[in-house]
Amino acid sequence: MTRCDVLTFNLNNPSRERAERQLAYLAARPEPVLVLTETADSAGCTLLEERFTAAGYSVTFPRPEQRGERGVMVVSRLATRPGPVSVGYLPHRAVSVTVDTDTGPLDVVGLYVPSRDATEAKTARKRTWLEECVTALPKGGEAARIVLGDFNVLEPGHRPHYKFFRPFEYRFYEHFAASGYVDAFRALHPDVDDYSWVGRTGDGYRYDHAHVSTALAGQLVGCAYVHEPRTMPDRLTDHSALAVQLAVTVPGLLPVTDPTQPETVAMAEMALF
């Protein structure tokens, strides 16, 4: 029996060389669904899309059209179909798919929330996207659903507290609980301070999140940050990954091959011509 576990991993828009190393790491992960954030219309993300596709994975990757824009890619060893969530503003930052499990459909929603600086333009951009996302996200009691990714927001009780986060950012985090979702990490680790991004001064931030609907919360069996990609000597990214384990089994996996093997590389290259 295969569980429908999910991993979110910030790619940090890799070069082709780093994407090759990320590919090897991600292909070896046990989770059948990967939510990859901070994608771009770039050589590194194209490599990941093409290799996973050539190996038989289901890949959903709406490419960001604007130069410098970022988004989400969902890579799955389960068959997928379009999910119920779409955001009209910067739509590539919210990607949703639905997979079938032994107990019914499960929606997987990947988010990459815009970051901001102190400028009004960047602040308005982030606020607008968060408002549209709140409108687009269905209530948590309606279906089995997991919403995860790099939210670029913190929980209100985050330790340490950082003064530069604004009320509208905290409201986005609070919206999940108000709409019938559960913070998967906090539900299992109510008093643990753990971080997915650490600045140059050593300050930690829990930017990457996973929220499960109340319909799915009873099946949550594990949620933990995976620090190796960020802390290994030749690190793969600047974020820790977040792994979510669910006591939900799936009827079967797609017949995939190893995306790092020469024959898969050749198939991906042939697809370009």
Exercise. Is it true that P255 is over 26 Å from F52 (Cα atoms) and open to solvent by 60 Å² or more (accessible area, probe 1.4 Å)?
Worked result: no
Exercise. Can you name the residue in the stretch 57-79 that is open to solvent by less than 30 Å² (accessible area, probe 1.4 Å) and polar (S, T, N, Q) and is also farthest from L34 (Cα to Cα) among such residues?
Worked result: S58
For this session: Answer yes or no: is there a residue in the stretch 38-55 that is under 17 Å from A268 (Cα atoms) and either within 14 Å of the chain's Cα centre (by Cα) or assigned to a strand (DSSP E or B) (or both).
Result: no
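The values are calculated or read from the model by the stated rules, or taken from the named source; none is laboratory data. Here the structure is a predicted model, which is why all the values come from computation and not from measurement. With ligands, DNA and RNA removed, areas are computed over all heavy atoms of the protein, side chains included. Shrake-Rupley method; radii C 1.70, N 1.55, O 1.52, S 1.80 Å.
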